[in-house]
Amino acid sequence: MIFGKWHPIGAMGAALFFGFAQILSIVGNNLPFFETLPKVVLYILPYVLTIFALAGFIGKAEGPAASGTPYVKGKR
């Protein structure tokens with residue numbers, strides 16, 4: 001949610017980004033560009049990309065204004 005900036009479309013984009021990184025680590029040995037890399041590099045790739053993505057967006061993301069306050073029906 002932080003990477004998606006608390007927006008459904010952003011969360012979907014973040015999920016696709018992390019899913020692509022995971023798939024790249026699984027099928028990377030079959031791709032010509034990645035076949036020379038050691039397998040361990042492809043296995044840690046999703047985690048490294050996650051750290052870089054969150055490090056780049058953590059300071060720019062601002063949570064919702066009502067985060068942490070209990071919801072009372074009918075009260076604004």
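Figures for the structure shown
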read-out: Subset tally (residues that are over 19 Å from Ile51 (Cβ atoms) and of a type in the set (Val, Ile, Thr)) for region 11-41; value: 3
read-out: Of the criteria (1) among the hydrophobic types (A, V, I, L, M, F, W, C); (2) surrounded by 11 or more Cβ atoms within 10 Å (Cβ to Cβ); (3) part of a helix (DSSP H, G or I), which one Leu37 fails; value: (3)
read-out: Per-region count, region 40-76, residues in a loop (DSSP other than H, G, I, E, B), aliphatic (A, V, I, L, M) and at pLDDT below 80; value: 4
read-out: Out of Gly28, Gly13, Gly4, sole residue that is surrounded by 11 or more Cβ atoms within 10 Å (Cβ to Cβ), part of a loop (DSSP other than H, G, I, E, B) and not β-branched (Val, Ile, Thr); value: Gly4
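The values are calculated or read from the model by the stated rules, or taken from the named source; none is laboratory data. Because the structure is a prediction, the values reported are computed rather than measured. Cβ atoms come from the backbone with ideal geometry, glycine included; neighbour counts cover every protein chain shown.
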